[in-house]
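The values are calculated or read from the model by the stated rules, or taken from the named source; none is laboratory data. Computed from a predicted structure; not experimentally measured. Cβ coordinates were reconstructed from backbone atoms using ideal geometry, including for glycine residues, and neighbour counts include every protein chain displayed.
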Amino acid sequence: MFEKVSRKKKQEALLLNAHGMTEKEAAQVSGVAERTLRRAKEKFRKFGNVEGGSKKRGRPSIWTPAFKDVTHLPGRMAIDM
């Protein structure tokens, strides 16, 4: 089984690479695989974070922004019976 590489290690490898080390050298010094460094680099480029974006799961919401605004208004009407 593989161990999860910490965010700190990935960031360290990215920093070393950005400061002029090759991917191979940066990966060896920080203790991550070269492939992990390349993945983190791509995620950082796409999402601004080495962990990447979150996956949306489940059914899409039917709550539109306009509908949300209406439901959060103070003093909703109540029906007296």
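Summary of values
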read-out: Selected residue (criterion: surrounded by the most Cβ atoms within 10 Å (Cβ to Cβ)) from residues of segment 1-20 that are of a type in the set (K, R) and part of a helix (DSSP H, G or I); value: K10
read-out: Residue among K46, K24, K68 that is at pLDDT 90 or above and part of a helix (DSSP H, G or I); value: K24
read-out: Any chance G52 is surrounded by fewer than 11 Cβ atoms within 10 Å (Cβ to Cβ), of a type outside the set (A, V, I, L, M) and part of a loop (DSSP other than H, G, I, E, B); value: no
read-out: Flag if R35 is out of contact with any Lys or Arg (no Cβ under 9 Å at 6 or more places or on another chain) and at pLDDT below 90; value: no
read-out: Cβ-Cβ under 8 Å pairs, at least 6 apart or on other chains, segment 48-64 side closer than 23 Å to V5 by Cα, far side of a type outside the set (D, E, K, R) and modelled with pLDDT of 75 or more; value: V50/Q11; V50/L14; V50/A40; V50/F44; G53/F47
